[in-house]
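Notes to accompany the following structure.
The values are calculated or read from the model by the stated rules, or taken from the named source; none is laboratory data. From a predicted model like this one, the values you see are computed outputs, not experimental measurements. Every residue, glycine as well, gets a Cβ built from its backbone with ideal geometry; the counts of neighbours run over all protein chains shown. When the accessible area is computed, the model is the full protein with side chains, heavy atoms only, and any ligands, DNA or RNA have been set aside. Shrake-Rupley method; radii C 1.70, N 1.55, O 1.52, S 1.80 Å.
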Amino acid sequence: MDALNVGKSMASWGADSRVSLNVADTRYTMSQKDADYATNYAQYWNSRGQTGPSFGLNPGSRGPVHAVFQIPAASNPSSIWITAGTAIKTIDGVQPGYLVVLT
């Protein structure tokens, strides 16, 4: 996905603890190994000039956010959940955030 820094200062952001992928009513999150793969992918594209929020974006800049999810073969993701905080689940339930329906 693509991220846009709408703030007033440089910001770093990654999908590892903030995004889950939904297949029907099943939610998938990234394992540590998945997050490592996503970081490697981000580093690869960063070395080719495609800077993403993992490495920091200045105000008004946009860049790709990389994520890796292990889902069953032939599954079709239906939506993603992006939390407003830094963890997908808290003591009181799911963090506030945004549901993005995939078509």
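Extending 7 Å from Cα along the Cβ direction at Tyr44 and again at Ala74 yields two label points whose distance is 2.7 nm.
Taking trypsin sites (Lys or Arg not before Pro) across the range 4-103, the ones in a DSSP loop with at most 16 further Cβ atoms lying within 10 angstrom of their Cβ are Lys8, Arg48. Stokes-Einstein diffusion coefficient for the range 16-73 at 37 °C in a medium of 0.692 mPa s, Rh from the Kirkwood formula over Cα pairs: what value in µm²/s? Translational diffusion coefficient: 263 µm²/s. Accessible surface area normalised per residue over the chain is 65 Å², counting heavy atoms of protein chains with a 1.4 Å rolling probe. Give me the percent of the accessible area of the chain that comes from carbon and sulfur atoms, probe 1.4 Å, all protein chains in place. About 53 percent, which is the carbon plus sulfur part of the accessible surface.
Multiplying the residue separation of Trp13 and Leu102 by 0.36 nm and removing their Cα-Cα distance gives an extension gain of 29.9 nm. Comparing Asn46, Asn76, Asn22 in a Gaussian network model of the chain (Cα springs below 10 Å), the most mobile by mean-square fluctuation is Asn76. What you get for the chain, charging only the Cβ of Lys and Arg (+1) and of Asp and Glu (-1), is a dipole of about 200 debye around the Cα centre. Taking the Cα centre of the chain as the origin and placing charges on Cβ (Lys, Arg +1; Asp, Glu -1), which of Gly97, Ile71, Gly60 is farthest toward the positive end of the dipole? Of the listed residues, the answer is Gly60.
Set the Cα radius of gyration of the chain against 2.2 N^0.38 Å, with N its number of residues, and you get 1.10.
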